[in-house]
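Please read the structure below before turning to the comments.
The values are calculated or read from the model by the stated rules, or taken from the named source; none is laboratory data. Note that this is a predicted model, so its numbers are computed, not measured. Neighbour counts run over all protein chains shown; Cβ positions are idealised from the backbone, glycine included. Please note that ligands, DNA and RNA were not included when accessible areas were found on the heavy atoms of the full protein model with its side chains. Shrake-Rupley method; radii C 1.70, N 1.55, O 1.52, S 1.80 Å.
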Amino acid sequence: MIALIIVIAIVVILAIVYISLHNNIVRMDNRCDNAWQTIDTQLQRRNDLIPNLVETVKGYAKHESGTLEAVTQARSMIQTATTPEAKMEASNVLTGALRSLFAVAEAYPDLKANENFQQLQEDLTDTENKISYARQSFNDCVLEYNNAIETFPGNIVAGSKFKARTGFEVTDASARQAPKVQF
């Protein structure tokens with residue numbers, strides 16, 4: 001009789017541990033989804049600002065159509081991307097295109113002095129900072145989640161139901177290099 005009670009107690013304890021681990025993994029998975037949605041929201045905000053920025057620059061820098069087309073094309077890549085990985089890649093392309101656009105703006109003092117351009121540039125910079133923070137938060141969530149499903153005993157609970165996630169990576173080699181400042 002005592003042996004049966006011990007076996008039942010062990011089974012109950014194991015069931016509680018299993019349920020607790022499973023619920024923890026589900027919470028982490030949901031946190032990763034939420035972190036990605038935060039990135040997605042900021043990417044949409046950036047996409048909403050870009051047409052106004054492009055139109056403002058067009059008025060001043062008519063012969064810079066290549067740069068403007070690159071920004072517009074990169075923006076549409078984000079809008080058509082369907083997976084987080086594709087959106088990450090498109091976001092990196094857009095960031096590079098925006099760098100080029102702001103470099104073009106440096107050559108036009110009237111454009112740099114334009115209030116609308118300055119406000120759009122400030123809004124875009126603010127949004128880029130929020131995107132950067134959201135990416136960091138997403139990567140932290142992915143790390144925590146991947147650790148939970150890949151370490152013991154979480155890997156037993158996760159089984160084949162939970163798959164490892166990919167964090168946000170910078171694929172543009174120029175972003176990894178420090179800019180050269182010359183006087």
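Taking the Cα centre of segment 95-158 as the origin and placing charges on Cβ (Lys, Arg +1; Asp, Glu -1), which of SER137, LEU111, THR127 is farthest toward the positive end of the dipole? Checking the options against the dipole of segment 95-158, the answer is SER137.
Protein heavy-atom accessible surface, 1.4 Å probe, per residue over segment 1-109: 58 Å².
Shown for the chain: the carbon plus sulfur share of the solvent-accessible area, taken with all protein chains present and a 1.4 angstrom probe, equals 57%.
Over the chain, Cα pairs under 8 Å with separation of 6+ residues give a relative contact order of 30 percent.
Select from segment 1-65 those trypsin sites (Lys or Arg not before Pro) which occupy a DSSP coil region and have at most 13 other Cβ atoms within 10 Å, ordered by residue number.
The qualifying sites are LYS62.
Counting heavy atoms of the protein chains alone, GLU122 has an accessible area of about 120 Å² for a 1.4 Å probe.
For segment 26-71, build the charge dipole from Cβ charges (+1 Lys, Arg; -1 Asp, Glu) around the Cα centre, then report which of ILE50, TYR60, ALA35 sits farthest towards its positive end. Going by the charge dipole, the pick is ALA35.
Maximal additional length on extending the VAL7-ALA103 stretch stands at 27.4 nm, based on 0.36 nm per residue less the C-alpha distance. Computed with every protein chain present, the accessible area of LYS163 is close to 130 Å² [probe 1.4 Å]. The spacing between segment 1-51 and segment 125-170, judged by their C-alpha centroids, is 12 Å. Scanning the chain for DSSP H helices at least 18 Å long along the axis (C-alpha atoms) with a Kyte-Doolittle mean no lower than -0.5 picks out 2-60, 65-80, 84-106. Over segment 46-127, all Cα pairs binned in 5 Å intervals from 0 give whole-percent P(r) values of 3, 16, 28, 25, 16, 7, 4, 1, listed from short to long.
Over the chain, the reciprocal of the mean inverse Cα-Cα separation, the Kirkwood hydrodynamic radius, stands at 19.5 Å. With both labels modelled 7 Å from their Cα along Cα-to-Cβ, the THR41 to LYS163 distance reads 2.6 nm.
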